[in-house]
Amino acid sequence: MHDEAILELSKSSDLKLIGIAYLKKGMKAEALQALSDLKERSLRRHDDLYYVAAHYFELADRDHGFKWLEKACYECSPLMHTIKVDPLYDNIHSDPRFQDLLHRMNFPE
């Protein structure tokens with residue numbers, strides 16, 4: 001399924017998730033390039049900050065992931081309201097930094 005996802009995402013030039021698809025396929029160099037492109041674009045589009053963080057979490061780089069989540073929160077990324085239920089972030093729910101972020105965002109317990 002990763003091959004199909006990569007094909008569809010590359011057709012649409014969707015930088016938001018293609019890097020994650022590349023990582024799941026084991027294509028780290030391509031994933032890092034997609035992440036670099038996404039970071040550059042995030043200077044103009046605040047919703048991309050949310051996806052930059054997701055890429056870092058997929059790379060198992062939680063420190064950078066939380067740095068970008070904090071940026072997304074500070075910049076009022078329109079997707080932050082979905083963070084508690086978004087499967088992109090399932091792997092960090094047990095991290096105290098995630099719980100702290102939810103608390104500071106006034107999410108209900």
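Every read-out reported here was derived from the displayed coordinates using simple, explicitly stated rules and does not represent laboratory data. Keep in mind it's a predicted model, so treat the numbers as computed, not measured. With ideal geometry, Cβ positions are generated from the backbone for all residues, glycine too; neighbour counts draw on all protein chains shown.
Structure notes:
- Distance in nm between pseudo-label sites at D47 and R104 (7 Å out along the Cβ direction from Cα): 2.4
- Between D63 and Q33, the contour length at 0.36 nm per residue exceeds the alpha carbon distance by 8.9 nm.
- Principal axis dimensions, the chain - Cα atoms, whole angstrom, descending: 39, 29, 21
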